[in-house]
Structure formats: C-alpha cells, structure tokens
1. Working only within the stretch 142-194, note down all residues that are out of contact with any helix residue (DSSP H, G or I) (no Cβ under 6 Å at 6 or more places or on another chain) and either at positive phi or among the polar types (S, T, N, Q) (or both).
2. So which pairs qualify, if the first residue must be in the stretch 63-83 and under 23 Å from LEU15 (Cα atoms), the second must be part of a helix (DSSP H, G or I) and open to solvent by 60 Å² or more (accessible area, probe 1.4 Å), the Cβ gap must be under 8 Å, and the two must be at least 6 apart or on different chains?
3. Does at least one position in the stretch 126-135 carry a residue that is of a type outside the set (A, V, I, L, M, F, W, C), open to solvent by less than 50 Å² (accessible area, probe 1.4 Å) and farther than 27 Å from LYS229 by Cα?
4. As an exercise: evaluate ASP38 against (1) within 30 Å of ILE220 (Cα to Cα); (2) in contact with a Leu (Cβ under 8 Å, 6 or more places away or on another chain); (3) among the acidic types (Asp, Glu) and give the number of the one condition it does not meet.
5. Test of understanding: among MET104, MET59, which residue is among the aliphatic types (A, V, I, L, M), open to solvent by less than 40 Å² (accessible area, probe 1.4 Å) and assigned to a helix (DSSP H, G or I)?
6. Answer with yes or no whether THR115 is among the β-branched types (Val, Ile, Thr), outside any loop (DSSP other than H, G, I, E, B), in contact with a strand residue (DSSP E or B) (Cβ under 6 Å, 6 or more places away or on another chain) and farther than 17 Å from PRO210 by Cα.
7. Residue by residue through the stretch 107-120, note down the ones that are surrounded by 24 or more Cβ atoms within 10 Å (Cβ to Cβ) and either under 13 Å from VAL71 (Cβ atoms) or hydrophobic (A, V, I, L, M, F, W, C) (or both).
8. I need the full set of residues from the stretch 221-234 which are in contact (Cβ under 8 Å) with a residue 24 or more places away in the chain and either in a helix (DSSP H, G or I) or more than 16 Å from the chain's Cα centre (by Cα) (or both), in order please.
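The values are calculated or read from the model by the stated rules, or taken from the named source; none is laboratory data. Values in this document were obtained by computation on a predicted structure and should not be read as measured data. A quick note on method: Cβ atoms are made from the backbone with ideal geometry, for glycine too, and the neighbour counts reach across all protein chains shown. With ligands, DNA and RNA removed, areas are computed over all heavy atoms of the protein, side chains included. Shrake-Rupley method; radii C 1.70, N 1.55, O 1.52, S 1.80 Å.
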Amino acid sequence: MPKLKINGVEINYSLDGTGEETIVFLNGIMMNTLSWNDFVPVLTEQNSYRLLRLDFRDMGFSSPYTEDYDVSIHVDDLKGLLDELGIRKVHLLGVSYGAMVAMMFALKYPENLSTLILPNAVARVTRFLQAASDIWEYSAATNSGELFFKLSMPFIYSDEFYERNWEWLKEREAFFDQILTKEYFASLQRLSRSSKNFDILDEIHKIKVPTLLIAGSRDIITPVSEMKKIQERIEGSRMIIIEGAGHASFYEKMDEFVTAVLGFVALHRD
C-alpha cells in the first residue's frame, strides 16, 4: 500500500476503484486498512465507487507517533491526504473512533463532504466507554494478545455473535496472540488516551451535511441511546438500527450494513 507524508508523518492509504465519487472509510481504534478488504469488491466493482481507506497516524501501517496527542490531530491529516490526492469531495464514513474524527472533520471542512455516515458512534465519551478504554489500556500494557482479546472483544461483538461464532473467536484469539507486537500495544494505548476527553455533543448541531447514523441494537459501547443524542442534534439526520448486532455491526451484519450505506450515498450523489 502506498504512503504519503502528511503533516510530517507517513500516512498509509489505499485507493481502489475508478468511479467518479469517493467513499472514505475511517477505522475504529483496533482496525487498519486491511480490516475493510471484504468491502472493496462490493463498493468498487459491483457499485462503481472509489474507496479510500487510510490508517491514522499511530495506527496500522502509518507512522507511529510516540508523544501523546488529541484525537482531533487526525482531522488535518485526513484533509492533507485528500488534498494530496486531488480529491475535492467525499462521502465520509467513520466507525467508532473514526466517527469522532469524521464528525470533527464535518465541523471543520463541510465543503469537502457530500455525506457523513456514522456507524456505531458517540459524540462524547461516556463513563462506561471510559471504563472500557481503561480495560483495553490495561490489557494492552501486558503485551499479551490472548489477554487483550479476552478482555476487549466482549465489548465489541454482541452476545448473539459470540453464540454463533465461538470457534472462530477462539481461532482469532490464538491469532492475536501470535501477531500483536509491543509496538502495536503502545500505539493502541496512545490512541485510547487521545479520546478520553472527547465531547462535542454541544457542537454537532452545526453539522449541516446529509448524515446517516447506523446503530447496533446490542451495542454496549456506543448504544442506541447515545446515538439518538446525535440524531436529535444534527438536523435532518437519519438513523438505521441493525437488529442483533453489537459494536462491530459492519462485520456482524455486513449485508445490512452495506445496503444502508449504498442506499444513503445513492440518494446524495453529486
């Protein structure tokens, strides 16, 4: 995957497809560009969009950033990447941590957006989410992929998903234990700390671009009740609830997720 130097750091990205309109996917805190691989053929080959994926600084294959920072640092990195690639306007989708960045981008650079799509999002870090982040940071500090998986994944996947996919989850646990490095865990801790004080609930009423929220009915990290607070404040926004899905609704119910995204984007083509 190519990299571009943006604001002094190397940002890893992938741009697929040849369509006239571009959808940007922003990662959740534990993800990287490869996490979206299954979405590439659906969006680019079957539906003729360009798909831009990127790793934030300190994430995935982008440069590590060893000092503490605020989550807002990624907003100008995204803007710089779009400018370097000559992309003027996009449909911006951000999941969880990526949704925080997406909302701040919409506030700062609305002229660059055709739509804003916020799956599994919050406009403030609740006390429960702070507690979950503390657990992720604690488990990451052990440098044990097995322990990290055991302590973090029950917050991510729904109970129904656990029942249906227990063997796969056990395989993923063993895989995490083999591949996760000290550097990954250090970056994860910094990423987690960067959003501890995130709260833009009183600002998001300024977002005027067409906005879609996608919630999981069994998501305990970014619950429907918190997502409704976003919907109430962004005028004209819509919300779809994916039944039986947790915080990783885009994995658990991929077909429903993609249908919601494509339907909304199609309504707002330039």
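1. Here is the first cut: in the stretch 142-194, the ones out of contact with any helix residue (DSSP H, G or I) (no Cβ under 6 Å at 6 or more places or on another chain) are 142, 144, 150, 153-154, 156-160, 162-172, 174-175, 178-179, 181-184, 186-187, 190-191, 193-194.
Correct list: THR142, SER144, SER158, ASN165, GLN178, THR181, SER187, SER194.
2. PRO64/GLU183; VAL75/LYS108; LYS79/LYS108
3. Here is the first cut: in the stretch 126-135, the ones of a type outside the set (A, V, I, L, M, F, W, C) are 126-127, 130, 133-134.
Next, only the ones that are open to solvent by less than 50 Å² (accessible area, probe 1.4 Å) stay: 126, 133.
Adding the requirement that they be farther than 27 Å from LYS229 by Cα leaves none.
No: zero hits.
4. The failed condition is (2).
5. On the way: MET59 fails: assigned to a helix (DSSP H, G or I).
Result of the check over MET104, MET59: MET104.
6. Working: among the β-branched types (Val, Ile, Thr): yes; outside any loop (DSSP other than H, G, I, E, B): yes; in contact with a strand residue (DSSP E or B) (Cβ under 6 Å, 6 or more places away or on another chain): yes; farther than 17 Å from PRO210 by Cα: no.
It is false that THR115 is among the β-branched types (Val, Ile, Thr), outside any loop (DSSP other than H, G, I, E, B), in contact with a strand residue (DSSP E or B) (Cβ under 6 Å, 6 or more places away or on another chain) and farther than 17 Å from PRO210 by Cα.
7. Taking the stretch 107-120 and keeping what is surrounded by 24 or more Cβ atoms within 10 Å (Cβ to Cβ), we get 116-120.
Of everything in the stretch 107-120, those that are surrounded by 24 or more Cβ atoms within 10 Å (Cβ to Cβ) and either under 13 Å from VAL71 (Cβ atoms) or hydrophobic (A, V, I, L, M, F, W, C) (or both) turn out to be LEU116, ILE117, LEU118.
8. Of the stretch 221-234, the ones in contact (Cβ under 8 Å) with a residue 24 or more places away in the chain are 221-222, 226-227, 229-230, 233-234.
Those that are in contact (Cβ under 8 Å) with a residue 24 or more places away in the chain and either in a helix (DSSP H, G or I) or more than 16 Å from the chain's Cα centre (by Cα) (or both): GLU226, MET227, LYS229, ILE230, ARG233, ILE234.
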